[in-house]
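The structure appears right after this line, and notes come after that.
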Amino acid sequence: MNRLFLIISFLVSPYVIWAQTFISENDTTAFVEYNDGKQWVYRIIDGLTVGMANEEFKDDYGKYYQVYFFISNNRDSTLTFNPEEVFANLLSNKGDTICLEVYTNEKFQKKIKKDQTWAMVLYGLSAGINAASAGYSTTYTTSYSPNGYAYTSINRTYDAKAAYHANIAADMQILTLGKMMDNDRAVKEQGYLKLNTVHPGDAIVGYMNIKHKKGKRLLIALNIGDNTFSYLWDIEKKKK
């Protein structure tokens, strides 16, 4: 059962988050607000309000820039939020610009499932080996010869009933782990932004993950309603 708990910890370990700082550079088109200590930056262009917050996020599936969006449609017509229209460019520590992968919900779920599959394979191998050996027991018997020398006899026996119950327990643990993994994927899908139609007067809010690389600046841009909303973030780790 301890092995199951180790795998479970893979699913529920705590997240580690560092907030990123918006670089204004005398930008008068953006305004900043704070919500529960999180910095949100907003732009209003042609009847659209787009807010963004950015954090560095880490869990057992990897390390990301987790970007939150607030999109409000104050136009007279509908518009479409397309996660494929979110882009990220990183200014690296070497001074070059790198395009970072922005995970759509489908891509991120696929990544999680791949990681979980490997975890399940490793656990299944471990559980199978332990179940296979559970029916065997070894006893040691010490005897003495007439001349006083001691010798040890090794006796190995097989208990079919114990092996059967060990296999049942292993199957139940694998089933439980599978359900927990399914639930974990469902939890991570909640709030993840997908393709959405935003009607006049409506708003949507959610997040997306961006592949993490170290650097100095991160430019995140969203194309929506024939406009581009871009935000520049300071992601450089400061020496204490």
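The values are calculated or read from the model by the stated rules, or taken from the named source; none is laboratory data. Quantities reported herein were computed from a predicted structural model and do not represent experimental measurements. No Cβ is skipped: glycine too gets one built from the backbone with ideal geometry, and neighbour counts run over all protein chains shown. These accessible areas exclude ligands, DNA and RNA; they are computed on the full protein's heavy atoms, side chains included. Shrake-Rupley method; radii C 1.70, N 1.55, O 1.52, S 1.80 Å.
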Quiz item: Within region 43-54, can one find any residue that is open to solvent by 20 Å² or more (accessible area, probe 1.4 Å), outside any strand (DSSP E or B) and more than 19 Å from Ile204 (Cα to Cα)?
Solution: no
Quiz prompt | Condition check for Tyr61: more than 15 Å from Ala221 (Cα to Cα) and under 23 Å from the mean Cα position of the chain (by Cα) | solution = yes
Practice problem: Determine, yes or no, whether Lys161 is open to solvent by 30 Å² or more (accessible area, probe 1.4 Å), part of a loop (DSSP other than H, G, I, E, B) and modelled with pLDDT under 95. | Solution: no
Quiz item: Residues in region 74-82: is at least one touching a Gly at 6+ places or on another chain (Cβ under 9 Å) and without any contact (Cβ under 8 Å) to a residue 60 or more places away in the chain?
Solution: no
Self-check item: Looking only at region 64-82, and only at residues there that are under 23 Å from the mean Cα position of the chain (by Cα) and among the hydroxyl-bearing types (Ser, Thr, Tyr), the one that is surrounded by the most Cβ atoms within 10 Å (Cβ to Cβ)
Solution: Tyr65
Quiz item: Which one is nearest to Asn223 (Cα to Cα), of the residues in region 80-96 that are out of contact with any Lys or Arg (no Cβ under 8 Å at 6 or more places or on another chain) and at pLDDT below 95?
Solution: Asp96
Quiz item: If you check Lys113 against the conditions, is it outside any strand (DSSP E or B) and free of Cβ contacts under 8 Å to residues at least 12 places away in the same chain?
Solution: no
Practice problem: Please go through region 231-240 and pick out each residue that is part of a strand (DSSP E or B) and surrounded by 16 or more Cβ atoms within 10 Å (Cβ to Cβ). | Solution: Tyr231, Leu232, Trp233
Quiz prompt | Residue in region 214-224 that is at pLDDT below 95 and crowded, with 18+ Cβ neighbours inside 10 Å present | solution = yes
